[in-house]
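First the structure, in the form of structure tokens, and then the observations on it.
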């Protein structure tokens, strides 16, 4: 009887740490500063914490520790006004193409990001984004602190001319296209924070899956969180491992089974596209791909330094 009770409790806890895409809704009123400005319209789906939204009381989102995670949907022609944060904030593109601009002293560098590209927006740097393409953008946003401060706006259309707000504060002729080898200081700064999926080395783990490090050793240097893209082939899985901090896996393509163990009891949950599991610090867990197709998984880990985890094939 005790074993059944323990297993049931562990299963309930795993369910409570699972964010199902089909159980959630996009919130078109997540950002009050956008109210009354149709050109700023965007929707947020919260998984971990509230991100940049003030809706910290949302009971459908998981409690944040070292980072938040949400999805943002933005339609063609819309933009986000230039703002800054006290901490890093990453944009990972899932669908569509997104222009991200960084501003300083009336000069702006704009980079065009495609699927699986990412930018880590630096602390206190004014940044905005715009959809100039013909299809909507879906992206994952992570803020690298559990409860971020409200954003500080630099060029909001309520205070500045629409054409200035849309270009993130760039004065006429002061917009530069991103060049990783550019000599301008803002170009050089952004170059350290842009990740192109095709440029990142593919690391084959002995356990049989791949990792591309976006933030962390081998990617962008950072002192808060690590972020990686995993490729898990069919019928590949790893033995249980433990981290000293929380981690989260968000399935982008395919499916992935995530398991937990406690006191000899095990439970598992299968995730589909845009489903997420957040595993708390100290919990023994593993993953496995039981499907015929490979899985692509976005992974966020709540510390910057390596944690000593060695993945072993199951």
Exercise. Using a 10 angstrom cutoff on alpha carbons, build the Gaussian network for the chain and name the most mobile of 86, 25, 228.
Key: 25
Quiz item: Rounded to the nearest 0.05, what FRET efficiency is calculated for residue 281 and residue 189 with R0 set to 25 Å and r the Cβ-Cβ distance?
Solution: 0.15
Practice problem: State, to one decimal in nm, how far the label point of residue 39 lies from the label point of residue 196, with both points 7 Å from Cα in the Cβ direction. | Solution: 3.1 nm
Quiz item: If each of residue 171 and residue 149 carries a label point 7 Å out from its Cα toward its Cβ, how far apart are those two points in nm?
Solution: 2.8 nm
Self-check item: Length released on extending from residue 253 to residue 135, taking residue separation times 0.36 nm less the Cα-Cα span
Solution: 40.6 nm
Quiz item: Using a Gaussian network model of the chain with C-alpha springs under 10 Å, which one of 69, 276, 149 is most mobile by mean-square fluctuation?
Solution: 149
Quiz item: Using 0.36 nm per residue, how much length does the chain from residue 23 to residue 112 gain when fully extended, once their Cα-Cα distance is taken away?
Solution: 28.9 nm
Quiz item: the range 211-257 to the range 32-86: how many Å between their Cα centroids?
Solution: 23 Å
Exercise. At 0.36 nm per residue, minus the direct Cα-Cα distance, what do residue 234 and residue 63 gain on full extension? Give it in nm, one decimal, please.
Key: 58.4 nm
Quiz item: Considering only DSSP beta bridges with both partners in the chain, what is the antiparallel share in %, to the nearest 5?
Solution: 95 percent
Quiz prompt | Label-reachable residues, the range 266-291, where backbone N falls under 12 Å from a point 7 Å from residue 13's Cα toward its Cβ | solution = 266-267, 279-285
Practice problem: Could you tell me what percent of the DSSP beta bridges with both partners in the range 200-301 are antiparallel, to the nearest 5? | Solution: 95 percent
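Laboratory data are not the source of any read-out in this text; all were calculated from the coordinates shown. Note that the structure is a prediction, hence the values are computed from the model and not measured. Neighbour counts run over all protein chains shown; Cβ positions are idealised from the backbone, glycine included.
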